[in-house]
1. Among the residues of segment 122-137, is any surrounded by fewer than 20 Cβ atoms within 10 Å (Cβ to Cβ), touching a Gly at 6+ places or on another chain (Cβ under 9 Å) and in a loop (DSSP other than H, G, I, E, B)?
2. Of all residues in segment 185-220 being in a helix (DSSP H, G or I) and over 25 Å from the mean Cα position of the chain (by Cα), which is surrounded by the most Cβ atoms within 10 Å (Cβ to Cβ)?
3. Within segment 241-281, work out how many residues are in contact with a helix residue (DSSP H, G or I) (Cβ under 9 Å, 6 or more places away or on another chain) and at pLDDT 85 or above.
4. Considering only residues that are at pLDDT below 85 and part of a helix (DSSP H, G or I), which ones fall in segment 21-78?
5. Regarding segment 150-168, can at least one residue be identified that is over 21 Å from Leu70 (Cβ atoms), assigned by TED's automatic domain parsing to the domain that holds Tyr62 and in contact with a Leu (Cβ under 8 Å, 6 or more places away or on another chain)?
6. Return the residues of segment 79-113 that are assigned to a loop (DSSP other than H, G, I, E, B), of a type outside the set (Ser, Thr, Tyr) and out of contact with any strand residue (DSSP E or B) (no Cβ under 7 Å at 6 or more places or on another chain); say none if nothing qualifies.
7. Take Thr268 and tell me if it is closer than 28 Å to Val298 by Cβ and assigned to a helix (DSSP H, G or I).
8. Please go through segment 248-278 and give me each residue that is surrounded by 10 or more Cβ atoms within 10 Å (Cβ to Cβ) and either under 18 Å from Val317 (Cβ atoms) or more than 40 Å from the chain's Cα centre (by Cα) (or both), ordered by number.
Amino acid sequence: MGDILSQNEIDDLLKALNTGELDVDHMQTTTQEKKIREYDFKRPSKFAKDHLRTLNIIHETYSRYITNFLSGYLRTLVHVEVMSVEEISYHEFSNSISNPAVLGIVDFIPLNGHIIFEINPNIIFALIDRILGGTGLGIEKVRGFTEIELSIIERIMNQMLGLMKEPWENVIELKPKLERIETNSQFAQIINPNEMVALITLDTKVGDIKGMMNICIPHLVVEPVIAKLSTKHWFGTLQKEISPQSKKTIENKIEKTPIPLKVLLGKTNITVSDFIGLQKGDVIQLDSTLNSELDILVGNMLKFRGKPGVKSNKVSVKVTEIIRGEEDD
């Protein structure tokens with residue numbers, strides 16, 4: 001509703017019109033247009049950009065874990081990194097899968113529902129070849145998998161899923177469990193084809209073989225924790241102050257950490273011929289005297305000086321000076 005004019009304001013307006021100070025033709029009624037956002041009911045957007053950014057952060061960490069694990073397990077160069085994180089329909093993801101495929105149907109415990117862990121067959125054959133003693137080469141023509149190969153794939157996938165717990169710990173305490181492995185996308189219909197999913201694509205390189213790994217996470221699965229998939233919550237959790245109990249635990253571990261401590265009795269210089277001729281019982285004269293202070297090293301760092309002596313029938317050194325030179329730098 002517009003503003004209501006007083007009688008004085010009405011009189012002033014009429015006077016301005018009569019005198020020509022105000023032209024009626026130039027008076028326009030301004031209307032406030034409402035911004036309308038298009039909404040596609042066939043492809044509803046359920047993941048905000050903030051959610052996708054957080055999933056990117058989580059799986060960047062996860063990709064580093066996979067890189068370290070596979071590099072050590074296969075004893076060859078492996079590199080995994082996040083290529084993209086996008087929102088698509090499950091129908092689009094399912095249609096992009098070629099047959100045969102390696103599709104791990106994963107129960108995303110404690111969340112209700114399943115996710116799909118897809119590994120490109122070229123990468124799988126390179127992994128299997130390396131595990132069985134080969135050089136890690138792929139095959140020229142993709143074929144089906146034998147029972148032995150499927151057993152190896154299941155073991156590798158279980159180990160890779162175990163690495164997923166820590167990157168997700170700020171969102172939820174995950175216990176992912178591999179339910180089964182499918183080699184045909186038609187048997188991997190875990191949700192309605194029109195449902196939206198977050199697709200995380202990992203660019204993978206095993207030796208000279210390149211391929212992709214895809215993690216398909218339906219919105220219905222992560223909906224109970226979607227509020228935690230925000231960068232604000234994520235970084236707020238990461239920057240949370242350490243509790244006094246955690247500080248005490250760290251202090252206790254540091255206090256029990258063994259450190260090397262050695263006392264330098266003295267130094268001297270001798271010729272190579274004298275060194276070669278040393279025999280048992282020979283005496284080497286040092287540059288220190290009986291009353292000289294000795295250098296006490298922690299690791300290779302000079303930290304104390306002291307004087308030698310005997311305590312409880314054991315050779316000892318009494319600390320006489322604390323060296324704090326590193327604090328002056």
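The values are calculated or read from the model by the stated rules, or taken from the named source; none is laboratory data. Worth saying up front: this structure is predicted, and the values here are computed from it rather than measured. We place every Cβ from the backbone using ideal geometry, glycine too, and count neighbours over all the protein chains shown.
1. Among the residues of segment 122-137, at least one is surrounded by fewer than 20 Cβ atoms within 10 Å (Cβ to Cβ), touching a Gly at 6+ places or on another chain (Cβ under 9 Å) and in a loop (DSSP other than H, G, I, E, B), which makes the answer yes.
2. Ser185
3. Selection size over segment 241-281: 0.
4. Residues satisfying the conditions are Val24, Asp25, His26.
5. Checked segment 150-168: no residue is over 21 Å from Leu70 (Cβ atoms), assigned by TED's automatic domain parsing to the domain that holds Tyr62 and in contact with a Leu (Cβ under 8 Å, 6 or more places away or on another chain).
6. Once the filter is applied, which keeps residues that are assigned to a loop (DSSP other than H, G, I, E, B), of a type outside the set (Ser, Thr, Tyr) and out of contact with any strand residue (DSSP E or B) (no Cβ under 7 Å at 6 or more places or on another chain), segment 79-113 yields Asn99, Pro100, Pro110, Leu111, Asn112.
7. Criteria not met by Thr268.
8. Within segment 248-278, Leu261, Lys262, Val263, Leu264, Leu265, Gly266, Ile270, Asp274, Gly277, Leu278 qualify.
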